[in-house]
Each structure stands twice: as C-alpha cells, then as structure tokens.
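Each value in this text was obtained by applying a stated rule to the coordinates, not by laboratory testing. Fair warning: this is a prediction, and the values are worked out from it, not measured in the lab. Because the Cβ atoms are built from the backbone with ideal geometry, glycine has one as well, and the counts that use them run over all protein chains shown.
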Amino acid sequence: MLRTSAFADTIALPAGVAAWPKRGEVASATSETISKGRELYMRFCEQCHQPDGLGVVGRFPPIIGSHWVTGPPEVLIRILLDGLKGPVRVGGDSFDGVMPGSRDLLADSEISAVATYIRQWKLNAADSVEPPMVRRVRIATAGHPGPWTAEALEGTGNKRKWIIIVALVVTILIVAGILRARRQI
Ligand code: HEC
C-alpha cells in the first residue's frame, strides 16, 4: 500500500502538480533502475543521509520513513532538483539545514533512478518516478531561485496568513466588546 495518503491529505498541491498519486499497489522498479539508483545514492547522497538512510540526528534528516520521500513525486523531484533549506519536520524530528540541489549535476534519468530507489528502499513503499515526470517538473520549475523551503512545498504560507488575519479580527472584536460593556456600566 502506498504511504502517501496521510501526507496528501494535509498539504495543498504545489503549483504545477495536477494530482496526488493514487493509492494502490506499488509497481516495483526494474532491478537495473534500482542498482543505478543505489549507485547514485552512494555517490551523491549518503555522505549526508548516511549509508543506512537514517540520517544524523539534528543535522541530516532520514530517508527511511520520510513522507517527503514516499509522498507526491513532484515534491521529491523539486527537492532533488533545487534542494531544501530552513525548518523541516521529518519523521517527528526537526531539522534546519541546507541541502544543495542537483539540477545541473544529474540528468532526468538519474534523478528518476535515485528517486525510485529511495522510494522503494527498505520500509519505504511508493511508486517509481519516471524520467518524463522529472523532465516536466524540471521545465515547470526552471529558474527557481535556490533551494525550496518546506513551507513553500507544503503550501502552508497562505494558511498561516489567514490564521493571523482571523486572530487579529477576533481580538479587535473582543476588545471592542469589552470597551462597549465598560461604557454601559
Ligand atoms: C550536503 C549534504 C546533503 C546531500 C549531499 C544531500 N542532502 Fe538531502 N538533505 C540535506 C539536508 C541538510 C536536508 C534538510 C534541509 C532542511 O533542513 O531544510 C535534506 C533534505 C532531504 C530530503 C527531504 C527530507 C527527508 O529527509 O526526507 C530528501 C528527500 C533528501 N534530502 C534527499 C536527498 C537525496 C536523494 C540526495 C542525493 C541525490 C541528497 N538528499 C543529498 C543534506 C544533504
């Protein structure tokens, strides 16, 4: 079963993402893709995320059990292309670092292989990521200025703004109510 639904339910679709992946059986990638992905992981990722994929507490987040990895592939591709910076929660832990992107380093087929590998590695179970999808996201996000923030990828910026506006309005109404009540005494 895909473990994408909980994530998909809580975050808004990033611009250019048509839909969250559907629940269903995971189509296992070919062993060729998996071994290419493993090789790329060892070359470009494991110095930070560690050979066991569990990361380093407080410094590098885990790959195993991360909803960023098994969630919408369009979000994972964005992280791999342009990187990630600032506060992010992964598997219940907080991180606040910078990961460089690989836009100019890895081809579409390489991003697709490493993404597929980590989505199907150990306990992770999510669909393969195909090169045409990487191509689409690469074009849609061309010129993105540096690493993404988790907030931008989660589309929570707008939500937070509305919470602040509503809190302000409620406060003003309460103060106005208190002032009017005082005057009547
Ligand atoms: C120089 C160290 C470094 C390298 C190399 C690196 N990362 Fe990261 N990665 C990080 C850091 C730090 C974060 C968290 C950034 C933040 O705090 O916003 C992160 C976040 C992530 C995330 C989202 C959070 C999570 O753990 O699920 C994914 C997915 C990810 N990296 C995958 C990869 C893959 C795949 C590669 C190799 C292609 C890679 N990273 C290479 C340091 C690195």
Charge dipole magnitude, Cβ of K and R +1, D and E -1 - segment 20-126, Cα centre, debye nearest 20: 220 debye
Using θ = phi - 60° and Karplus 6.51 cos²θ - 1.76 cosθ + 1.60, couplings along segment 107-124 (whole Hz; Gly, Pro as x): 6, 3, 5, 6, 4, 5, 5, 6, 5, 4, 4, 6, 6, 10, 8, 6, 6, 5
Could I have the simple spin-label model distance between V56 and K122, label points 7 Å from Cα toward Cβ, reported in nm to one decimal? 1.7 nm
Net charge of neighbours whose Cβ lies under 13 Å from the Cβ of I34, counting Lys and Arg as +1 and Asp and Glu as -1: +2
For W148, residues with placed amide H under 5 Å, excluding near neighbours: G83, L84, K85
Quick one: check the C-alpha center-to-center distance for segment 112-144 versus segment 72-96, whole angstrom. 13 Å
In segment 93-109, which residues have a backbone nitrogen under 18 Å from the label point lying 7 Å from A142's Cα in the Cα-to-Cβ direction? 102-109
Projected onto the charge dipole of segment 73-163 (unit charges on the beta-carbon of Lys, Arg, Asp and Glu, signs +1, +1, -1, -1), the Cα from P100, P145, I118 with the largest positive-side position is that of P145
Compute, for segment 123-185, the length of the dipole vector about the Cα centre, with Cβ point charges of +1 (Lys, Arg) and -1 (Asp, Glu) only. Units Debye, rounded to 20. 540 debye
